[in-house]
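The values are calculated or read from the model by the stated rules, or taken from the named source; none is laboratory data. Here the structure is a predicted model, which is why all the values come from computation and not from measurement. Here the Cβ positions follow ideal geometry from the backbone for every residue, glycine too, while neighbour counts run over all protein chains shown.
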Amino acid sequence: MANIFSKYDLVSMPVVDQENHLIGRITIDDVVDVLEEEGSEDMAYIAGAPDEEITEDSIFKLARARLPWLLVAFMGELLAAFILNQFDVTLQQKLMIASFIPIIMAMGGSTAQQASVIVIRGLATGDLSLRDTGPRLLKEFRISLLNSLFFAIVLFLIVYLWDSAYFATILAVSIFVVINNAAIIGALVPLTFKRLKIDPALAAAPFISTTNDILGILIYLTISTLLLSHGI
């Protein structure tokens with residue numbers, strides 16, 4: 001409805017029954033009210049909080065409403081910690097690997113968040129549809145290729161001067177793969193939610209961030225283990 005009002009610059013729209021008798025009208029004010037409500041709801045979903053957060057007085061109800069989101073994040077990060085523990089030999093072999101985990105995670109998280117917000121907004125405004133899944137994923141991948149290549153080169157040069165060429169190679173390859181993986185996840189999850197008839201805004205938090213953390217750590221430490229074992 002909002003798209004129709006926007007496309008044709010309408011200020012009102014008639015409402016008719018099955019016999020085309022006028023029974024009312026929808027005004028631009030009605031549309032704005034709905035858009036404000038939907039926007040507020042989407043922002044709450046993205047933040048992982050209930051949309052009645054501002055008006056609700058009971059801290060117990062608000063805590064209970066936030067709890068499921070926090071539990072998903074907690075369980076996801078617990079799994080990430082378990083994965084991290086499985087690579088203790090790699091971390092002991094090169095302790096500096098642990099120092100760069102925050103950078104790898106932050107770049108992956110930021111990339112996924114950017115991609116997801118663009119897709120969620122596009123689905124909400126009607127600029128994107130499920131038919132655009134393939135082209136959208138390809139576009140996000142091409143964008144992430146450029147960004148990941150840039151940061152891989154920058155990180156390689158910094159670590160090369162700081163430590164060594166082989167460790168710089170590990171980090172460059174890792175951040176390149178993690179950023180591209182995060183972009184695909186960020187774009188694909190909201191589109192998948194839309195296909196399953198679930199509000200895509202639910203994908204932003206905590207599913208994308210948690211999934212990205214788990215896969216990011218797994219990718220980074222797997223690449224580190226493989227390259228270290230080959231003496232690169």
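Here is how the numbers come out for the structure above:
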item	result
Any helices (runs of 4 or more DSSP H) falling wholly within region 53-125 and containing at least 2 residues that are surrounded by fewer than 12 Cβ atoms within 10 Å (Cβ to Cβ) and not assigned by TED's automatic domain parsing to the domain that holds VAL177	59-86
Checklist (1) over 24 Å from PHE74 (Cβ atoms); (2) surrounded by 24 or more Cβ atoms within 10 Å (Cβ to Cβ); (3) in contact with a Pro (Cβ under 7 Å, 6 or more places away or on another chain) applied to PRO190, failing item	(1)
Among residues of region 170-203, those that are in contact with a Phe, Trp or Tyr (Cβ under 7 Å, 6 or more places away or on another chain) and either on the phi > 0 side of the Ramachandran plot or assigned to a helix (DSSP H, G or I) (or both), counted	14
Residues (assigned to a helix (DSSP H, G or I) and hydrophobic (A, V, I, L, M, F, W, C)) located in region 126-135	LEU130
Flag if ALA165 is touching a residue at least 24 places away in the same chain (Cβ under 8 Å), farther than 24 Å from ASP88 by Cβ and among the hydrophobic types (A, V, I, L, M, F, W, C)	no
Members of region 179-231 that are among the charged types (D, E, K, R) and either more than 30 Å from ALA165 (Cβ to Cβ) or modelled with pLDDT under 85 (or both)	LYS194, ARG195, LYS197, ASP199
Any chance ASP42 is outside the structural domain of SER174 (by TED's automatic domain parsing), at pLDDT below 85 and crowded, with 17+ Cβ neighbours inside 10 Å	yes
VAL11 being over 27 Å from the mean Cα position of the chain (by Cα), modelled with pLDDT of 60 or more and in the same structural domain as ILE118 (by TED's automatic domain parsing)	no
Among the residues listed as SER224, SER164, the single one being in the same structural domain as ALA106 (by TED's automatic domain parsing), surrounded by 22 or more Cβ atoms within 10 Å (Cβ to Cβ) and of a type in the set (Gly, Ala, Ser)	SER224
